[in-house]
Amino acid sequence: MAEPSPLKRRGLLFVVSSPSGAGKSTISRMLLAADPGIAMSVSATTRPIREGEIDGTHYHFVDDAAFDRLVAEEAFLEWAHVFGRRYGTLQSEVTRAIEAGRDVLLDIDWQGTQQLKQVDPDIVRVFILPPSMDELCRRLSGRGTDSAEVIAARMERAAGEISHWAEYDYVLVNDDADACAAEVGAILVAERLKRERRTGLVDFVRGLTG
C-alpha cells in the first residue's frame, strides 16, 4: 500500500479581477508562465477576435445565438455583460483542468466573481488596483486599440469596479508588474498550503502517530 501523502489536496479556483487596464491579464500571463500547477480557464465571448488572438486559446469566440444556447444549456459557471459584449466561464473548461489535478485561474470581473461564489465556495479572490486613475488612463491610451470614447467609458466603469474591492480576499496595487506578479504567486502558494485544502494530511498524520 502506498504511503499517504501530505501533499495531496483538492484544487481551487483562483480569481484575478481588476478594472480594464490595471493589469489582470498581464499578471495572469506571468503567473501561468511561472507556475505549471495552474491552468487558465478559456472563457467564451461574443466580442470580435482581435489581431494576434487565437480562437480556443485566448477565448472561445462565439456569436450571440451560440452564447444564448450556452446560457440555456446552463453551460456557464458565470457570465456577464461587459462593454456591450458577453463573457462566460465554461463549466467544461474548469472541470477539465480540475480533473487533471490543476488549479484554475479565472480572469473575470466582479460580476462574475459574485456569481461564482454562489456556485463554488472554495475560491481565492484577488483584486488588482492601479496606482492612480491617471496611470490607468495612460495605460488604456497606450494600448492604441480603443477610441477616445471607449477609453472614457472604461474609465467611467473603472470607478464602479473599484468600489467592489472589499469583496475580495486580497487587494494589491499594480505599480510594478513583476512585483505584483510575485505577490500573486505567493498568495497562490499560501492558499495551497492551507490545512483544509490538504486532503492528504489526515491520513498522513494517522500514519505518523499510528
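The table for this structure:
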| item | result |
| --- | --- |
| Boolean, Ser41 is of a type in the set (S, T, N, Q), closer than 30 Å to Arg198 by Cα and in contact with a helix residue (DSSP H, G or I) (Cβ under 7 Å, 6 or more places away or on another chain) | yes |
| Enumeration of residues in region 47-96 that are of a type outside the set (Gly, Ala, Ser), free of Cβ contacts under 8 Å to residues at least 24 places away in the same chain and in contact with a His (Cβ under 9 Å, 6 or more places away or on another chain) | Ile49 |
| Subset of region 112-151 (residues that are more than 15 Å from the chain's Cα centre (by Cα), closer than 30 Å to Val71 by Cβ and of a type in the set (Gly, Ala, Ser)) | Ser147 |
| Tally, over region 159-169, of residues that are part of a helix (DSSP H, G or I) and surrounded by fewer than 17 Cβ atoms within 10 Å (Cβ to Cβ) | 5 |
| Criterion (in contact with a helix residue (DSSP H, G or I) (Cβ under 9 Å, 6 or more places away or on another chain), of a type in the set (Asp, Glu) and under 25 Å from Ile98 (Cβ atoms)) met by exactly one of Asp169, Asp175 | Asp169 |
| Any chance Arg29 is more than 26 Å from Ile128 (Cα to Cα), outside any loop (DSSP other than H, G, I, E, B) and without any contact (Cβ under 8 Å) to a residue 12 or more places away in the chain | no |
| Any hit, region 176-195, residues being crowded, with 17+ Cβ neighbours inside 10 Å and assigned to a loop (DSSP other than H, G, I, E, B) | no |
| Neighbours by Cβ (under 8 Å, 6+ apart or cross-chain): first from region 156-179, closer than 19 Å to Lys117 by Cβ and of a type in the set (Phe, Trp, Tyr); second assigned to a helix (DSSP H, G or I) and at pLDDT below 95 | Tyr168/Thr113 |
| Positions within region 184-197 being more than 11 Å from Ile128 (Cα to Cα) and within 22 Å of the chain's Cα centre (by Cα), in sequence order | Gly185, Ala186, Ile187, Leu188, Val189, Ala190, Glu191, Arg192, Leu193, Lys194, Glu196, Arg197 |
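Each row is one residue, and each column tells you yes or no for (1) under 23 Å from Tyr168 (Cβ atoms); (2) touching a strand residue (DSSP E or B) at 6+ places or on another chain (Cβ under 7 Å); (3) modelled with pLDDT under 90.
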| site | (1), (2), (3) |
| --- | --- |
| Arg29 | yes, no, no |
| Arg50 | no, no, yes |
| Asp64 | no, no, no |
| Leu70 | no, yes, no |
| Ile108 | yes, yes, yes |
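Each row is one residue, and each column tells you yes or no for (1) farther than 14 Å from Asp109 by Cβ; (2) touching a His at 6+ places or on another chain (Cβ under 6 Å); (3) modelled with pLDDT of 90 or more.
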position	(1), (2), (3)
Ile128	no, no, yes
Pro131	yes, no, yes
Asp134	yes, no, yes
Ser141	yes, no, no
Gly160	no, no, yes
His164	no, no, yes
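The values are calculated or read from the model by the stated rules, or taken from the named source; none is laboratory data. A quick note: this is a predicted structure, and the numbers were derived from the prediction, not measured. When we count neighbours, we look across all protein chains shown, and the Cβ atoms used for this are built from the backbone with ideal geometry, even at glycine.
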